[in-house]
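Asker: For reference, the structure I am asking about is given below.
The values are calculated or read from the model by the stated rules, or taken from the named source; none is laboratory data. Fair warning: this is a prediction, and the values are worked out from it, not measured in the lab. Positions of Cβ are backbone-derived with ideal geometry, glycine not excepted, and every protein chain shown enters the neighbour counts.
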Amino acid sequence: MNFKPVLLWSDALILLLLAAAAAGVWLLRHNETFRAPLRQVLASRMGSATALILAVYVGIGLLDSLHYVERLPDEPGREAQYSGEVKSVLDKLLAPLRENVEKTYSAPFATHLYAKETMIGPDGRELRDYPRLKHGGAHLADPDTEFWPDVLKRGGLGVLGGMVCWVLLVFSLWQRGRSHGALAWTLLCILVVSGLLVALAPHYHVLGTDKVGQDVLYLSLKSVRTGLLIGTLTTLVVLPLAIGLGIAAGYFGGFVDDVIQYLYTTLNSIPGVLLIAAAVLVVQVQIEAHPELFDTSAARADMRLLALCGILGLTGWTGLARLLRAETLKLRELEFVQAARAFGVSRTRILARHLLPNVMHLVLITVVIDFSGLVLAEAVLSYVGVGVDPAMISFGNMINGARLELAREPVVWWQLAAAFLFMFVLVLAANLFADQVRDALDPKAKGRA
Amino acid sequence: MLNYIVRRLLYAIPILLGVNLLTFALFFMVNTPEDMARIHLGAKHVTPEAIEGWKREHGYDKPLFFNAAAEGAAKVSDTLFVEKSLKLFVLDFGPADDGRDIAREIKTRMWPSLAIALPTFLVGLLAYISFALLLVFFRGTRLDTAGVILCVALMSISGLFYVIAGQYLMGKLWHWFPISGYQPGLDAWKFLLMPVLVSLAAGIGDSARFYRALFIEEIGKDYVRTARAKGLSELRVLFRHVLGNAMIPILTGVVVVIPRLFLGSLIIESFFGIPGLGSYTIDAIQAQDFAIVRSMVFLGSLLYIIGLVLTDISYTLVDPRVRLE
C-alpha cells in the first residue's frame, strides 16, 4: 500500500452523521407519516431539483472528507515513512488543478500572468511584458490565434460529453418511470457544466488563480466541505441540547422549566457574534497553548473547525428549544398523552414514544432552515477573525483574501465571483429545499400560499 | 404597570449575573490571566517576572473569588470577580487592556453607531413592510411569485457581498460617496448614506419574506372577509385590518432590537471605517482585548433585557386586550 487512510475528527463525525441519517431512513422506510412528506418534497419540481444540487455539493464534500497520507519513497533499512501532508480523495481527483500553481494572479482563461515581469527578449535585450503562464494554456504555441479554436473545440467536446451522459442517464431512469421535467433539466445543467469543467480545467485556469497562483476553481471546490461541515456538524450539538432541554422544560414544568428558561434567556441575551467571538478567542488561546496535541496542521485546523461547530451549537440551540417547549406544553394536555398517563405508562416512555415523534417535524424543519444560515455565518465569522483556521480553505477566507483586491487596476474580480457563485448556488438551493420541507412537514402550512 | 416593569427589571439581575459568570468563566478560568499576559507580551518577552508585571499593571494579580490574604469584607471584595465582573453592574467598565477608559470610548463611539443604525432601522422597517404589503396586495399573481423568488435569492447572498459590491459600485465606479471613513458634524451624511443603503439592501430579502408570511397568515382569517364584505377597499383592509392585527408579531421582532442599535453593526462599521461601537468591538476581538469584549457582552445583554421590557410595554399600546399585571 502506498498510502495510509487518515481519519480526522471531523471525518469521523461526518461519517457518523451519515450513518445515523441512513439508519434513520432505513428504520422509517415503512413509516407513512415520514414517507408522505418525503415523497411530497421529492415529487415537487423545486424539491427534486434542489435536492439534486445539494446532493452534488454533498458528494464533493464527502470526497473531500476521505483523507489519507502518501507513503514516501522507501529507504532501505527503515520503516515505511509517510508524508506529513494530509490529502483527500478530492485532491487526488483534482491533482491537475492542485499542482498547476502559477506565480500570482491570472484572470480566468488567461494565458498570460496578471503582472508584468522583466524578461529577456528573443533579441537578448531586457523587456517588461506579461509572461506566459506555466500551466494555463501552456499547450498553445501561439495563444493569439490558437486560443479560441482550442477553447471552442475542448468546450464543445465537454458539452457533448455532458449531453451524452445526460441522455444515457435520463433514458435509463425514464425506463423505470422515475424521471420528471425539472429534475431532468437540472441534471442536464449539472452534467453540461461538469463536462465543460472536465474538458477545460486541466488546460486552463477556468476561474483564474489567486495571489499565490492557486487555481480558484480548486479553492472553491475545497471550500464546499468547510461550509457543509459547519452547516451539519453544528446540528450534532444543537439537537441533543434543544430536544432534551426543550421537551423537559415543557413536560415537567415547575422548577425544571424555570432553570431551563433561565439558561436560554441568559444565552439569548448575549449578542450572538460576541458570544461566539469570545468562545472562539478562548479556544484559540487553548490551541496555541497546547501545540503538542496536534501532529499535523490539518489536524489543528480540523480541531478549530470542530470547536467552531461546537460553539455555534452551544449558542444556537435556544431557538429550537423554545419552539419545542411551547409545542410540548400544548401536547402535554392532549388526550393521547393524558390517556398514556392514565394507563400508567412511564415518564420516559411517554417522552420517547408520544412526545418526541410529535415534535420531530419541528426539529427537521429547523435543522434544514438553519443550515443555510450557518453556511453564511462561516463567511462573516472568518471575516471577523473568529471563524475557521486562516490556513483552511473556506468561503470566508476566500472572500477575506480577495476583498481588498478590488482596489487594484485592473480589478481582480474572479476570486470574489467564484466564492459568490459557489456560495450562492449552495445557499439558494438549501433555502428553496428548506421551504419545500417546511411546506411538506408543517401541518399549518398546508393550503397556504 | 409600573409594578410589572419593576418586577421585570428585577428579573434582569439573575440573568445579568449569569452572563457575567459565563464571561468570567471563559476569560478568567478557562483562559487564565497568564494566558492573556502571554498573548499581549508576545512570545519573545515571556518571563515569569514579565507576566507578573503585566498582571499587576492591568489589575489581574488577584485571586478569583476569595482573597485569603485580605482582611474582613475585603476577603470577598478584593477579588477579580468583584473588581472585573460585578463592577459592570454599576456601569463601571474600567480600563481596556491597552489602558484607555472603556466608558469614555463607549460614550463617544455610540453616536456614529447610532447615526447608521437608527436610519437603517427606521427606513428599513418602513421599506420592508411596504414591500411585503405590496406583495400581499398582488398575492397569487406573477408579481408576487417573482417578488418571493427575488427575496429568497437576495437572502441567499452573504452580507459581505452586499458591502463589497456597494463599495465597489457606489464608491469606486460611480464616485457617489467616499469608500470609507467618517467625520463628525453635518458633513457626516456623505459617509453615512452608503452604509445605510448597503444595510438596507442586505436586509430586504429576509425581512420582506418574513412580513409577507405574517400578512398572508392574517389575511386568511374571518375578520378580513367580514371587512371585505362590508365593502371596504382592499387597500383599507390591508392597512387598517391586516397591518393592525399583525402588529403583535411585528413588534415582537422589532422592539427588542431598538436598545441594541447603540452597539452598531460589526461588519458594516469595520468595512466602512466608522468609528462606532461595532468597529470598537471588532478591533477588540482582533486585538484579543478581553476587557472590552467583556464590557460589550454585558452591555449587549443589558440592552437586550431592556428591549424585552419595552416589547411588553409596546404590546399594551397596540392591543387593548393586553394588560400588564
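Asker: Could you tell me how many of the residues in the stretch A:78-113 are surrounded by 14 or more Cβ atoms within 10 Å (Cβ to Cβ) and modelled with pLDDT under 80?
Answerer: The qualifying residues number 2.
Condition check ((1) within 14 Å of another protein chain (Cβ to nearest Cβ); (2) within 30 Å of B:Ala284 (Cβ to Cβ)) across all residues:
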| position | (1), (2) |
| --- | --- |
| A:Asn358 | no, no |
| A:Val367 | no, no |
| A:Ser372 | yes, yes |
| A:Ala377 | yes, yes |
| A:Gly385 | yes, yes |
| A:Val388 | no, yes |
| A:Ala407 | yes, yes |
| A:Trp414 | yes, no |
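Asker: While we're on this one: Take the stretch B:63-88 and flag every residue that is over 35 Å from the mean Cα position of the chain (by Cα) and exposed (fewer than 14 other Cβ atoms within 10 Å of the Cβ).
Answerer: B:Ala68, B:Ala69, B:Glu71, B:Gly72, B:Ala73, B:Ala74
Asker: Which of (1) in a helix (DSSP H, G or I); (2) out of contact with any Leu (no Cβ under 6 Å at 6 or more places or on another chain); (3) within 26 Å of A:Val86 (Cα to Cα); (4) touching a residue at least 40 places away in the same chain (Cβ under 8 Å) does A:Gly59 not meet, given it meets every other one?
Answerer: Status for A:Gly59: all satisfied but (4).
Asker: When you scan the stretch A:111-124, do you find a residue that is assigned to a loop (DSSP other than H, G, I, E, B) and of a type in the set (Phe, Trp, Tyr), even just one?
Answerer: Initial filter on the stretch A:111-124 (assigned to a loop (DSSP other than H, G, I, E, B)): A:111, A:113-116, A:121-124.
After this cut, where a residue has to be of a type in the set (Phe, Trp, Tyr) as well, the list is A:114.
Looking for residues that are assigned to a loop (DSSP other than H, G, I, E, B) and of a type in the set (Phe, Trp, Tyr), one finds at least one in the stretch A:111-124, hence yes.
Asker: A further question follows. Any residue in the stretch B:279-297 that is surrounded by fewer than 20 Cβ atoms within 10 Å (Cβ to Cβ) and without any contact (Cβ under 8 Å) to a residue 60 or more places away in the chain?
Answerer: Within the stretch B:279-297, one or more residues are surrounded by fewer than 20 Cβ atoms within 10 Å (Cβ to Cβ) and without any contact (Cβ under 8 Å) to a residue 60 or more places away in the chain.
Asker: Does the stretch B:217-262 hold any residues that are within 12 Å of chain A (Cβ to nearest Cβ), closer than 30 Å to B:Glu105 by Cα and without any contact (Cβ under 8 Å) to a residue 60 or more places away in the chain, and which are they?
Answerer: B:Val256, B:Pro259, B:Arg260 - these are the residues of the stretch B:217-262 that are within 12 Å of chain A (Cβ to nearest Cβ), closer than 30 Å to B:Glu105 by Cα and without any contact (Cβ under 8 Å) to a residue 60 or more places away in the chain.
Asker: Another question about this same structure. For the stretch B:20-129, please list each of the helices (runs of 4 or more DSSP H) lying entirely inside it that holds at least 3 residues being in contact (Cβ under 8 Å) with a residue 40 or more places away in the chain and under 16 Å from B:Arg294 (Cβ atoms).
Answerer: In the stretch B:20-129, B:33-41 are the helices (runs of 4 or more DSSP H) which contain 3 or more residues that are in contact (Cβ under 8 Å) with a residue 40 or more places away in the chain and under 16 Å from B:Arg294 (Cβ atoms).
Asker: In the stretch B:142-186, which residues are out of contact with any helix residue (DSSP H, G or I) (no Cβ under 6 Å at 6 or more places or on another chain), at the interface with chain A (Cβ under 10 Å from one of its Cβ atoms) and of a type in the set (S, T, N, Q)?
Answerer: B:Thr145, B:Gln167
Asker: Let me ask you something else. Would you list the helices (runs of 4 or more DSSP H) that sit entirely within the stretch A:219-323 and hold 2 or more residues that are free of Cβ contacts under 8 Å to residues at least 24 places away in the same chain, out of contact with any strand residue (DSSP E or B) (no Cβ under 9 Å at 6 or more places or on another chain) and within 14 Å of chain B (Cβ to nearest Cβ)?
Answerer: A:254-269, A:272-289
Asker: Looking at B:Leu26, B:Leu2, B:Leu86, B:Leu41, can you tell me which residue is away from chain A (no Cβ under 12 Å) and at pLDDT 80 or above?
Answerer: After ruling out the rest, the residue left standing is B:Leu2.
Asker: Among the candidates B:Ile250, B:Ile274, B:Ile282, single out the residue that is part of a helix (DSSP H, G or I), out of contact with any Asp or Glu (no Cβ under 7 Å at 6 or more places or on another chain) and closer than 25 Å to B:Gly166 by Cα.
Answerer: It is B:Ile282.
Asker: Right, next: What's the number of the condition B:Gly205 fails, among (1) in contact with a helix residue (DSSP H, G or I) (Cβ under 9 Å, 6 or more places away or on another chain); (2) surrounded by fewer than 20 Cβ atoms within 10 Å (Cβ to Cβ); (3) within 12 Å of chain A (Cβ to nearest Cβ); (4) not aliphatic (A, V, I, L, M)?
Answerer: (2)
Asker: Condition test on A:Lys134, is it over 20 Å from A:Gly195 (Cβ atoms) and buried (at least 16 other Cβ atoms within 10 Å of the Cβ)?
Answerer: Working: over 20 Å from A:Gly195 (Cβ atoms): yes; buried (at least 16 other Cβ atoms within 10 Å of the Cβ): no.
So A:Lys134 does not fit the description; no.
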